[in-house]
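In what follows, a structure is listed as structure tokens, so that the remarks can point back to it.
Every number in this text was worked out from the coordinates using simple rules, so none of it is lab data. On a predicted model such as this, the values are computed, not experimentally measured, just so you know. Every residue, glycine as well, gets a Cβ built from its backbone with ideal geometry; the counts of neighbours run over all protein chains shown.
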Amino acid sequence: MGEEATALPEIDLDKVDEVVDPFLGKKGIMIPVLQNLQEEYGYLPRPAMEKAARKLKIPVSKMYGVATFYAQFHLAPRGRNIIRVCKGTACHIQGASKISDRITEILGITTGETTEDYRFTLEEVACIGACALAPVMTINDNPHGRLTPDRIQEILDSYE
Amino acid sequence: MFEKHLMVCGATGCLASGSKDVTEVLEKELSDRGIRDKFRIVMAGCPGFCEVGPIIVVYPDEVFYCRLDPENIAEIVEQHFVNGEIVEKHLFKPPKSKEVKRFYDEIPFYSKQVFNVLRNSGRVNPESIDEYIMRGGYRALTRALDMKSEDIVEEVKTAGLRGRGGAGFPSGLKWKFTLQAPGTKKYIVCNADEGDPGAFMDRSILEGDPHAIIEGMLIAGLAIGSDEGYVYCRAEYPLAIQRLKMAIEQAEEYGLLGENILGSGYNYKLNIKEGAGAFVCGEETALLASIEGKRGVPRPRPPFPAQKGLWDYPTCINNVETFANVPLILRLGAEEYAKVGTENSKGTKVFALAGKVNNTGLVEVPMGITIKEIVYDVGGGIQKDRAFKAVQIGGPSGGCLPEDKLDLPVDYDSLTQAGAIMGSGGMIAMDEFTCMVDLARYFLSFTQNESCGKCTPCREGTKRMLEILERITEGEGKLEDLDTLRDLASSIKDSSLCGLGQTAPNPVLTTLRYFEHEYREHIEEKYCRSGICKELFEYAIDPESCNGCRACTKVCAVDAISGEKKEPHKIDVELCTKCGSCVDRCRQDAIKIIRVGSEADVQG
Ligand SMILES: Cc1cc2nc3c(=O)[nH]c(=O)nc-3n(C[C@H](O)[C@H](O)[C@H](O)COP(=O)(O)O)c2cc1C
Ligand code: FES
């Protein structure tokens, strides 16, 4: 799912210059460049990475190597709402998998996937520091704690 | 002049339980009464007791309000802040006790804690350097500026400080090696990657007291002769990064960072690097590769970073909590510092205490305290008075300790001997509803997923182990699997390139050591007594306990529960998805975990 599900939005490649230019000539910059590109586009579009790699004079394969290594980077566009179910230890033993199971039942997507209408992307995180409220998930950084499977539908309904 | 100072916990735990709304209402209620300017409202760091959030601590009255709701605020403002009468019903009340507790010192959760590293967290405004200075901050730095490098190193050695990031290596020794290593440039690196997926100590320290880290790193810089440092912090910790950035700017403005610090001629530049979400990047050589902008894969040691680190220069890398201890050592003096703790483990340790205890949160305890004291005195015992089963210490590299290890003192050596590790501070208590095989599977799937793939034992070995554990939890296990697991574990431990692989088998080994009977039950009897492994149990309603209240039928998404009102209900095991919602809802504890196929014996 994801890449081929819907026509991709146009990509404005001029933004790449804005992101990359301040870094030109500095060292240890690959990760910050990718982070800023992702902040700009919401994910890492291939043409943008190719252009950035050209500007920085590094092989695009090397940039892909870094982008695919770190969990933070996304190579495909994501949904309007990002659900992150905490799979930290405290949440795990308080039943986190029952929470993600219910989300999967309702939305028909599993971890890493996006719904066809780009309404939700489902992800996992490790401990978000709210173990006292386990199991926990965040939707667009809003935390929802002390979850039970029967509360999921209602919470999802409140995100357009 | 402010009449009162209101410290509202603005850390993640309390934000998740609604502290933002509480603050908004508080602002509004005070403004509506025209008294807003008499109150200083601070979004403070974590005071630790996440379980009872949102929390507001009122100074100078010394009142600890907890479990607040936006609806409670008007009453507190009116009765306490206007009329001067404390609102008792929002104070802390221990379970099974009628007596309310007014302030930190009376609350049992805090009584065995010692606040060294967390001394400021929740008590000062983390965004104000002045408050840090008022509480004695940067005094240790001024002391260190007058000392020779060797003497600072000696002080830290005498204090007995050991690394808080996992392995417990003596910090003074590491500093000595870095000091002695030849190099035209040297770096200090703070490891704030916090990889343990059940922990949030480092984050809380950074969010609650960022200047302590800066001061610790500045002192380390003086000790090893470095003029530049990096804090490598997970990108998932935006608030910590923001607070740290702010603290760096303030310190620069005050002449405490940058060129010619306090007129001493000492220069120090501090940078922040955001990590990008890979557990292995917490390993020091991988972390350095990541700062350099590469894939975060570890390399063999030696050479150690102390000899050849960041861009090949000698580099001293320590954990957040380790650095947070440093100003304290210099301020108190090594001997005074070393009064807390045991012979070989000095000072305190911060733990993120979570799981099935009553009081979850961030705790700081003296080394040498027993696990029992942490679980029962600080943690308030197991929820719903259930039986304690185990405590997991040290996350994916650590181990599970059973009930008969409750009296074990928490120090580096005792924990290692028992098969666990001190780790970075994750501590999860578990009760009879936690399956030990599933827990081992959980940790292994984590490490397997995070293995960087560079060395074969870790990449392939953990995959084999995980496959076996998955088979066992699905009811397809064989008895010889247990030996295979042990064999794999020992070869992965011995031959992996880095600490990730070398410690990955620990959760399996300790559960095998202390809970082999649960593995056997899964394999031989196809039964998961904890009700976790879905193929290996069923739910049934005990007709003796069920009072037919219907609470369970309302939460069952698949309508698997039937029965007349006030009559015992029944679960249709064919329909049941074992989501457990009904179990959480039943107030009679009537829903039982049973062996597959034994439903007729229970429900009739
Ligand atoms: C897989 C792996 C993950 C690690 N994760 C962390 C971490 O998240 N935080 C940390 O401080 N140390 C971590 N360490 C330990 C570091 O390699 C290093 O020993 C530590 O940062 C040294 O600091 P200390 O001596 O102050 O503890 C990890 C080690 C391994 C093998
Ligand atoms: S484990 Fe989920 S918030 Fe800590």
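Points worth noting:
- Point-to-point label distance, residue A:116-residue B:487, nm (Cα→Cβ direction, 7 Å offset): 4.9
- Sorted by Cβ density within 10 Å, fewest first, the residues B:510, A:68: A:68, B:510
- Of the trypsin sites (Lys or Arg not before Pro) found in the stretch B:514-604, those that fall in a DSSP loop while having at most 15 other beta-carbon atoms within 10 Å are B:550, B:565, B:566, B:587.
- Two-site FRET efficiency, residue A:21 against residue B:112, from Cβ-Cβ distance with R₀ of 51 Å, rounded to 0.05: 0.40
- Pairs of Lys residues in the stretch A:3-108 that lie 8 or more places apart, or on two chains, and have C-alpha atoms under 20 angstrom apart add up to 14.
- Neighbour counts of other Cβ atoms within 10 Å put B:246, B:201, B:134, B:430 in the fewest-to-most order B:134, B:246, B:430, B:201.
- Cut-off of 10 Å, at most 11 other beta carbons, DSSP loop: longest stretch of chain A lacking such trypsin sites (Lys or Arg not before Pro): A:58-160
- Within the stretch A:35-160: Cβ-based charge dipole about Cα centre, in debye rounded to nearest 20 (Lys, Arg +1; Asp, Glu -1): 680
- Using just its DSSP H runs of length 4 or more, each adding -39500 (n - 2.57), chain B gives a mean residue ellipticity at 222 nm of -10000 deg cm²/dmol after division by all residues.
- Residue-count net charge about residue B:329 - beta-carbon cut-off 14 Å; Lys, Arg +1, Asp, Glu -1: +2
- Two-site label geometry, residue B:36 and residue B:249: point separation in nm, points 7 Å out along Cα→Cβ: 2.3
- The stretch B:91-240, Cα convex hull volume normalised per residue, Å³: 155
- Equivalent-ellipsoid semi-axes for the stretch A:14-69 (Cα gyration tensor, √(5λ), whole Å, largest first): 14, 13, 11.
- Between the alpha-carbon centres of the stretch B:37-56 and the stretch B:523-538 there is a gap of 43 Å.
- Translational diffusion coefficient (Stokes-Einstein; Kirkwood radius from C-alpha pairs) of the stretch B:129-337 at 4 °C, 1.567 mPa s, in µm²/s: 77
- Residue B:385 paired with residue B:74, simple spin-label distance in nm, labels 7 Å along Cα-to-beta-carbon: 3.9
- In this Cβ point-charge picture (+1 for Lys and Arg, -1 for Asp and Glu), the protein assembly as shown has a dipole of about 1480 debye about its Cα centre.
- Set of the stretch B:220-245 residues, backbone N closer than 18 Å to the point 7 Å along the Cα-Cβ line of residue B:180: B:223-226
- Tail fraction, Cα-Cα pairs, the stretch A:81-157, threshold 15 Å, whole percent: 46
- Cβ crowding within 10 Å ranks B:88, B:27 as B:88, B:27, fewest other Cβ atoms first.
- Cleavage-rule hits, chymotrypsin sites (Phe, Trp or Tyr not before Pro), the stretch B:235-288, DSSP coil, Cβ neighbours within 10 Å at most 15: B:254
- Taking a quarter of the surface of the Cα convex hull of the stretch B:237-292 gives a mean projected area of 4.7 nm².
- Ordering B:507, A:142, B:330 by the projection of their Cα atoms onto the charge dipole of the protein assembly as shown, which places +1 on the Cβ of Lys and Arg and -1 on the Cβ of Asp and Glu, puts B:330 at the extreme positive end.
- Alpha-carbon spread of chain A, three principal axes, descending order, Å: 52, 33, 22
- The ratio of the alpha-carbon radius of gyration of the stretch B:1-85 to the globular-protein estimate 2.2 N^0.38 Å is 0.99.
- FRET efficiency, residue B:335 to residue B:127 (Cβ-Cβ, R0 45 Å, nearest 0.05): 0.85
- Kirkwood estimate for chain B, i.e. one over the average of 1/r between Cα atoms, Å: 26.1
- Inter-part distance where the stretch A:12-87 and the stretch B:452-514 are each reduced to a Cα centre, Å: 35
- Loop-located trypsin sites (Lys or Arg not before Pro) across the stretch B:334-371 with a Cβ neighbour count of 15 or fewer within 10 Å are B:339, with loop assigned by DSSP.
- Volume per residue that the Cα convex hull of the protein assembly as shown spans, once the total is divided by residue count, Å³: 175
- Selection among A:16, A:95, A:53 by position relative to the dipole of chain A gives A:53 as farthest towards the positive end (Cβ unit charges, Cα centre).
- When the helices of chain A are scored as -39500 (n - 2.57) per DSSP H run of n ≥ 4 and the total is divided over every residue, the value at 222 nm lands at -11000 deg cm²/dmol.
- Quotient of C-alpha Rg and 2.2 N^0.38 Å, computed over the stretch B:436-524: 0.99
- Taken about its Cα centre, chain B carries a charge dipole of roughly 760 debye when the Cβ of each Lys and Arg holds +1 and the Cβ of each Asp and Glu holds -1.
- Farthest toward positive dipole pole in the stretch B:4-107 [+1 Lys/Arg, -1 Asp/Glu at C-beta], among B:14, B:30, B:68: B:14
- Alpha carbon centroid spacing (whole Å) that separates the stretch B:360-406 from the stretch B:247-318: 34
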